[in-house]
Amino acid sequence: MRITVEPGKCVASGLCVLVEDSVFDQDDATGTVRLLVDTDPPPDVRENVREAARVCPALAISITEDSRSDA
């Protein structure tokens, strides 16, 4: 799984952080999304990462599934 965030699209709703705060955070100054991991997230949080992308009102989070990642 590869996570891409686009802070320029982010509307600072914070839903991603509410869903998975081990992967997403908000910038202190702007409130926009920050990614806390630079590699695949652990398998036990991947479904939450997918949910965070689904609930993002600005579609600022995208997920690319790797064939080696857990489904």
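Worth a mention:
- Residues located in segment 1-12, provided they are within 25 Å of SER67 (Cα to Cα), assigned to a loop (DSSP other than H, G, I, E, B) and either modelled with pLDDT of 95 or more or β-branched (Val, Ile, Thr) (or both): GLU6
- Within segment 13-52, being free of Cβ contacts under 8 Å to residues at least 24 places away in the same chain and within 16 Å of ARG2 (Cβ to Cβ) holds for LEU36, ASP38, THR39, PRO42, GLU47, ARG50.
- Of the residues making up segment 3-12, those that are touching a residue at least 24 places away in the same chain (Cβ under 8 Å) and surrounded by 12 or more Cβ atoms within 10 Å (Cβ to Cβ) are ILE3, VAL5, GLU6, PRO7, LYS9, CYS10, VAL11.
- Only one entry of PRO42, PRO57 meets the criterion of being in contact with a Leu (Cβ under 8 Å, 6 or more places away or on another chain) and of a type outside the set (A, V, I, L, M), and that entry is PRO57.
The values are calculated or read from the model by the stated rules, or taken from the named source; none is laboratory data. Note that the structure is predicted; figures quoted are calculated from it, not measured. Counting neighbours? That spans all protein chains shown, and the Cβs are built from the backbone with ideal geometry, glycine included.
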